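J.: One structure, pasted below without further comment.
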Amino acid sequence: MEVGLIIAIAVAVLAIIIVIKTAVVVPQQSAYVVENLGKYSRTLTAGFHVLVPFIEVVAYKHSLKERALDVSEQICITADNVQVGVDGVLYLRVLDASRASYGIGDYTFAVTQLAQTTLRSEIGKIELDKTFEERTKINLRVVAELDDATQSWGVKVLRYEIKNINPPEDVVAAMEKQMRAEREKRATVLMSEGERDAVINAAEGEKRRVVMESEAAKERQINEAQGEAEAILTVARATANGLRAVAEALVAEGGGEAMQLRVAEAYLEQFGKLAKEGNTLIVPANLADVASMIGAATKIVGDTR
C-alpha cells in the first residue's frame, strides 16, 4: 500500500510539472515563438495555450508594443568638415515574431547600429548650418533607410528623432558671433529703412501741404473773381435799370421839364461847391449861358430818344 501511494504521489507531481511546463498563458500585445524539437512550429498570440510535453517549447518571447531605443551620441562630420556630436531616439515595433526571431540575432542592436551609420551618412551630405534647419528631413531619410533594411527582420521602424546636435565649443562661439552680427545687421537695416520711410513720409506730407495750399489759393482766386464778376454784373444791371427808368421818365409827360430842372439843380450844386472850396470864383460873363447850357443838355437827351 505504501509503495502504491508513493507511486501515485510521484505520478501526480509529474503530471503537475508537465502541466506547468506545457500550459502557457500569453499576455496581451505579446507573441511567443514555439519550436518543435528545435524547429519552428508556430507563433502563440494572446491567450491560454497547451504545448506538447517534451516536444514543444517556447523559444522566443516578443512584445508587440512600440518601443523606444536610445541611440547614443556619435561623432559625425558635416559637408564643411566640422565634427558634431549627434544622438537620437528610435521608435520601432515587432510585426512578425518569427522573422524577428530567426531573421536576425539581435534586431535591437542591429537597428541602432544601422541608425548610427545612416545618420553619419546623412549628416555628411549637408553643411553645419543646414543640420539645424533640416532635422525633419534628416529624420525622414533615416526612417526610410531603416524601414527598407528591417522588412526582412519582421520589425517596423516608425520614427527617428534627433535629440541633440553638439558642435565643438569654438564653432559654437563662431556661430554666436555670426548670429550677433546678423542681428546687428538686421537692426541697422531696419533703422535705416525706418529713417528712409520717415523722410519719404515727411516729403509726401510737404508735397500734399503745398498742393492743398495751391488748390486753396486757386479756389480763393476763383471765388474772388466770380464775386467781382457778379458785383460788376450787378452794378451794370442796376445802372442799366436806372438808365432805363430815366429814359422811360423822359418819354413820359413832363419828363423834359423835369430833366431841365434836374440839370439846373446839378449845375447850381456844383457851382456852389466851387465857391466853397476855393477863394477864387469864376462867374460866367453872361448868366444866359446857364440857360443855353441847359438847353444843349436837353437837346442831347432828345436826340438819344
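J.: Given R₀ = 30 Å, FRET efficiency for M175-A144 by Cβ-Cβ distance, to 0.05?
T.: Once the sixth-power term is evaluated, E becomes 0.55.
J.: Dipole magnitude of the stretch 169-251 about its Cα centre, charges +1 at Lys/Arg Cβ and -1 at Asp/Glu Cβ only, in debye to the nearest 20?
T.: Once rounded to the nearest 20, the dipole reads 280 debye.
J.: How far apart, in nanometres, would the label points at S63 and N164 be if each is projected 7 angstrom from Cα along the Cα-to-Cβ direction?
T.: 2.5 nm
J.: Place the peptides 139-151, 43-55, 98-110, 12-24 in order of packing, highest mean first, counting for every residue the other Cβ atoms within 10 Å and averaging per peptide.
T.: 139-151, 98-110, 43-55, 12-24
J.: So if each residue of separation counts as 0.36 nm, and I subtract the Cα-Cα distance between Q226 and S72, what length gain in nm does that give?
T.: Contour length minus the Cα-Cα distance gives 46.1 nm.
J.: Subtracting the Cα-Cα distance from 0.36 nm times the residue separation, let me have the gained length for A202 to K218 in nm, one decimal.
T.: Gain on stretching A202 to K218: 3.4 nm.
J.: Quick check: Cα centre of the stretch 134-151 to Cα centre of the stretch 61-96, how many Å?
T.: Here the two parts' Cα centres lie 10 Å apart.
J.: With label points built 7 Å along Cα→Cβ from the Cα atoms of Q83 and Q28, find their separation and express it in nm.
T.: 5.0 nm
J.: Distance from the Cα centre of the stretch 169-225 to that of the stretch 1-43, in angstrom?
T.: 89 Å
J.: With a point put 7 Å past each Cα toward its Cβ, work out how far F48 is from N241 in nm, to one decimal.
T.: 12.7 nm
Just so you know, all these numbers are worked out from the coordinates, no wet-lab data involved. A quick note: this is a predicted structure, and the numbers were derived from the prediction, not measured. Neighbour counts are summed over all protein chains in view; Cβ atoms, including those assigned to glycine, are modelled from backbone coordinates with ideal geometry.
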